[in-house]
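The values are calculated or read from the model by the stated rules, or taken from the named source; none is laboratory data. As the structure is a prediction and not an experimental result, all values here were calculated from the model. Glycine also receives a Cβ, built like all others from the backbone with ideal geometry; neighbour counts cover every protein chain displayed. Accessible surface is based on the protein model in full, side chains and every heavy atom, while ligands, DNA and RNA are left aside. Shrake-Rupley method; radii C 1.70, N 1.55, O 1.52, S 1.80 Å.
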Amino acid sequence: MIPLREIAFARSGDKGSSANVAVFGRTPGSYAWLRDHLTAAMVEAYFKPLGTGPVVRYDVPNLEALNFVLPGVLAGGGSRSLRVDSQGKTLGQALLEMKVDAPGPTRTGQEPVP
């Protein structure tokens, strides 16, 4: 098991009471692994303690990224929430601490994933 940050980086922000977290593969092989293994259900379970609704994943292949929308995770959003991070700026960094199975070579076997 490794922290997600070893194969990805992230950016996050707010959309009202919801947030989005974009996860980018550090390499094309890392992106391929993320696309095949990092599911909306995994992200939803990770953020369940914050009260997120059903997480939706959007694939963004031209950026080698996955974008996750976390409905309700901000408990009202920037002007209403009492959360320390009411705008979701740290959610990407928090997700990068999630432990995932260490990836091996990609499906094509051409590029090993770190």
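For this structure, a couple of remarks:
- Pairing each residue of region 91-114 that is under 16 Å from residue 26 (Cβ atoms) and open to solvent by 90 Å² or more (accessible area, probe 1.4 Å) with any residue that is in a strand (DSSP E or B) and modelled with pLDDT of 75 or more, provided the two are 6+ apart or on different chains, yields C-beta distances under 7 Å for 93/10.
- The set of residues in region 15-31 that are part of a helix (DSSP H, G or I), touching a Pro at 6+ places or on another chain (Cβ under 9 Å) and not aromatic (Phe, Trp, Tyr) comprises 29, 30.
- Looking across region 1-50 at every residue that is of a type in the set (Ser, Thr, Tyr) and under 11 Å from the mean Cα position of the chain (by Cα), the one that is most open to solvent (accessible area, probe 1.4 Å) is identified as 46.
- Filter result for residue 65 (modelled with pLDDT of 90 or more and closer than 11 Å to residue 21 by Cβ): yes
Yes/no matrix, rows are residues, columns are (1) in contact with a Phe, Trp or Tyr (Cβ under 6 Å, 6 or more places away or on another chain); (2) modelled with pLDDT of 80 or more:
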| position | (1), (2) |
| --- | --- |
| 57 | yes, yes |
| 71 | no, yes |
| 77 | no, no |
| 82 | no, no |
| 88 | no, no |
